[in-house]
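**Q** Let me give you the structure first, and then I'll get to my questions.
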Amino acid sequence: MINKEQSSFHNRLLQHDLEKNYSGRQGNDHSSSITSFPVLQRTAEEKILNSDRLTLERQKLTVCPIIDGEDHLRLLNFQHNFITRIQNISNLQHLVFLDLYDNQIEEISGLSTLRSLRVLLLGKNRLKKISNLENLKNLDVLDLHGNQITKIENINHLGELRVLNLARNLLTIVDNINGLDSLTELNLRHNQKDVDTLPCLQRLFLSFNNISSFEDILCLADSSSLSDITLDGNPIAQETWYKHTVLHHMMQLRQLDMKRITEEERRMASVAVRKEEERKRESHKQTLLKEKKRLTICNIARQWEIQQNRVALVGSLNTNKDNEPCQINGSAAYVFPEESRSLDTLLSSAVQGLSVLESHLVEVEGDTLYLYGSGALECLDRNWSVQTAAAVVTVSFMFMEFDEIVQVLTKLKTKFPNSVHLKFKETNLVALQQFNALAQVNRIEQLTVDPQGNPVVSFTLWKYYVLFRLNHFNLQKINGIEVTQNDIVMAERLFGILAYVASSELPHYRMLPLLGESRRKQFHYLLEGKGKKSGIGNEEGSDNRAGGESTARATLNYSTKDFHMEKLEEIKGRRTLCQTYVENLVKEAADINLKNESLQKLWPQMFIELVRDAVVEIRNKNSYMKLCLQRIADQKE
């Protein structure tokens, strides 16, 4: 095989040689009345590149050139030229494939020696007759479409013929095809064999002709004279819609399969066909909706993948400052891979003709609510009908962050009270502590975590942790596998000490918000020392019997990244407030101390002056009393 540039260059070389040889022969034989032909001789290199094939299409040839030294050729192509006669190829006795499509040939000739020929393509020429094929008994494909043939003839001996194309000719009758025992494909489209050429046709017998599609006989509906037709013995007659469809399209019929047609049958046929058409329209509508759904999910998955790759790239770039490829999912990739652009192109072309795709999808199918994309979580705020909400047993989350799901888990309690099965796929479940958030749900009997997009499933003990943390739900199945009593015991052994340590190390003020009102009273009772260890054991047991989670397990909670950041901001604000308050207290205390020190220094002198002033005032008793009385009078005024 050679590439397109080599092929084009090769053809230019052939054209140059043809023109040179043709002009040379014309110059030498200018005075001769005998028709001259161009001589084609390929170089050794050209023969090596295409040893058994020769392509001379679109070379503006009017005659077949003389081909020297090419007796081994198996494929010869003369497409799109102006050749009027087949000649100068009788020496190519090993030829298997001969293509003369789109020329001006008026007669089949010059092929008697090509006994090995299996494919003969003479479409779009000027043939008016099928002839001179007697020696081509090995012929497998014969293409004569787009000619002016009026009759099928001279092909009965072609016992090996498998494909016969007579489309777009002038055939008026299909006969003379006996002997074509190997024929598997016969193309008679766009001929003149339709009923328009048979205006007097009244009875037509087509029994046992292997007619399998109504499209094959649809042209008969245009015949106004046809009154009796038989189609029994054909595959089409076994179809349930057979009689109704035929009667609907051939209203002029009086008999079908030798049975008279009644008016009631016509009416029933019309009704049945209308129903069938409505069914097909509805089916087509459902098909379009399914296709739109499929493409929408593909779009959501693509956006999710782009988002995950972007997050992975940012994380990798933060740790990898060199200009090296970043590792994503174990393979090297760059920030803008070509695969993403090609996927965008493919998706855009695939959705042409459909409405604009959404970035999320909400669907209730049976007893399952499917949520695709983070935007679908907003649907939980809808006003769901009581019947629909009660029917939802399974909730499936796909292509969204688990931290976003955590924020709406409490809504599942009120919106879908009968939901007992949660499914997670492509939700970024990466840590065991994320399962703590599921304790917010009202009830869970089954949990399904798909390995795709949830790395936590690769942890050996993840199922045991789920059983331990969600023990109060009495889970029945995890990933479709029944939970046994041994699994529950093993989960308690593995993680029981973890809950004990977490609860014992947690400050009381942080533990109280995790408990309900009744649980707080029990906890206060334990703190007073009345319960001791036995009390704790009884409390655990009563909780489990009541179907609630234990105090120890409640301490194993989960905070989303956003919630954690909010808490950090809140703590930071409190720290700043406390620091400012303490600084003000210190400053005020320092000022008071400074004033006190100054007072201690000034107090002896101040005391002496106070005593002296008092002695001076009371030295004259009468004057002092008058002064006091005057002050009292002034105050009253």
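The values are calculated or read from the model by the stated rules, or taken from the named source; none is laboratory data. Remember, predicted model here, so these are calculated numbers, not experimental data. Glycine also receives a Cβ, built like all others from the backbone with ideal geometry; neighbour counts cover every protein chain displayed. Ligands, DNA and RNA are excluded from the accessible area calculation, which covers all protein heavy atoms including side chains. Shrake-Rupley method; radii C 1.70, N 1.55, O 1.52, S 1.80 Å.
**Q** Show me, for the range 173-185, the HN-Hα J-couplings you get by feeding each phi into the Karplus relation (A = 6.51, B = -1.76, C = 1.60, θ = phi - 60°), rounded to Hz, glycine and proline as x.
**A** Coupling constants for the range 173-185: 8, 9, 8, 6, 10, 5, x, 8, 5, 9, 5, 10, 9 Hz.
**Q** Now a separate question. Taking 0.36 nm per intervening residue step and subtracting the Cα-Cα distance, what contour gain separates Asp216 from Glu107 on full extension? Write down the numbers at each step before the final one.
**A** Values: separation 109, 0.36 × 109 = 39.24 nm, distance 3.14 nm.
Taking Asp216 through Glu107 to full extension adds about 36.1 nm, to one decimal.
**Q** A further question follows. If R0 is 35 Å, what FRET efficiency do you get for Val271 and Thr368 from their C-beta distance, rounded to 0.05?
**A** Values: r = 38 Å, r/R0 = 1.07.
Efficiency, from the Cβ-Cβ distance: 0.40.
**Q** Just to check I understand the Karplus step: with θ = phi - 60° and J = 6.51 cos²θ - 1.76 cosθ + 1.60, what whole-Hz values come out for the range 77-89, glycine and proline as x?
**A** Couplings: 10, 10, 4, 6, 10, 10, 5, 10, 8, 8, 7, 6, 10 Hz.
**Q** Just to be sure I understand the model, the point goes 7 Å from the Cα along the line to the Cβ. What's the resulting Gln600 to Val141 distance in nm?
**A** In this crude spin-label approximation the distance works out to 11.7 nm.
**Q** Something else: If r is the Cβ-Cβ distance from Arg115 to Ile173 and R0 is 35 Å, what FRET efficiency results, to the nearest 0.05? Write out the running numbers ahead of the final one.
**A** Values: r = 31 Å, r/R0 = 0.89.
For Arg115 and Ile173, the calculated efficiency is 0.65.
**Q** Continuing with the same structure: Taking 7 Å along the Cα-to-C-beta vector as the label spot, tell me the Lys413-Gln202 distance in nanometres, rounded to one decimal.
**A** 8.6
**Q** Give the relative contact order (percent, whole number) for the range 345-499; include only Cα pairs under 8 Å separated by 6+ residues.
**A** Working: 238 pairs, mean separation 24.6, N = 155.
The normalised contact order for the range 345-499 reaches 16 percent.
**Q** If I stretch the segment between Lys285 and Asn474 completely, what's the gain in nm (0.36 nm per residue apart, minus their alpha carbon distance), one decimal? Walk me through the numbers on the way to the answer.
**A** Values: separation 189, 0.36 × 189 = 68.04 nm, distance 4.39 nm.
Once the chain is fully extended between Lys285 and Asn474, it gains 63.7 nm.
**Q** In the structure displayed, which of Lys259/Lys280; Lys423/Lys477; Lys415/Lys463 lie more than 18 Å apart, Cα to Cα? Could you put the intermediate results ahead of the total?
**A** Values: Lys259/Lys280 29 Å; Lys423/Lys477 12 Å; Lys415/Lys463 28 Å.
Cα-Cα > 18 Å for Lys259/Lys280; Lys415/Lys463; rest within.
**Q** Let me ask another. At a Förster distance of 51 Å, what's the computed FRET efficiency of His249 paired with Ile306, Cβ-Cβ distance as r, to 0.05? Working shown, then result.
**A** Details: r = 52 Å, r/R0 = 1.02.
Efficiency, from the Cβ-Cβ distance: 0.50.
**Q** Next question. Around Asp228, what is the net charge, scoring Lys/Arg as +1 and Asp/Glu as -1 over all other residues with Cβ under 11 Å from its Cβ? Mind dumping the intermediate values first?
**A** Values: positive: Arg203, Arg254, Lys259, Arg260; negative: Asp257.
Once positives and negatives cancel, what remains is +3.
**Q** Continuing with this model, one more query. Quick one: how many Å² of Glu570 are accessible to a 1.4 Å probe, rounded to 10?
**A** 80
**Q** Follow-up. Would you work out what percent of the accessible area of the range 70-158, with all protein chains in place, is carbon or sulfur (probe 1.4 Å)? Write down the numbers at each step before the final one.
**A** Values: 1580 of 3750 Å².
Exposed carbon and sulfur together represent 42 percent of the surface.
**Q** Find how much the distance from Asn593 to Arg294 grows on full extension, using 0.36 nm per residue of separation minus their present alpha carbon separation; answer in nm with one decimal. Please report the intermediate quantities before stating the final value.
**A** Details: separation 299, 0.36 × 299 = 107.64 nm, distance 7.83 nm.
Net length gain for the segment: 99.8 nm.
**Q** Next question. Under a 1.4 Å probe, what is the accessible area of the range 210-276 per residue, stated in Å²?
**A** Details: 3790 Å² over 67 residues.
Counting only protein heavy atoms, the per-residue value for the range 210-276 is 57 Å².
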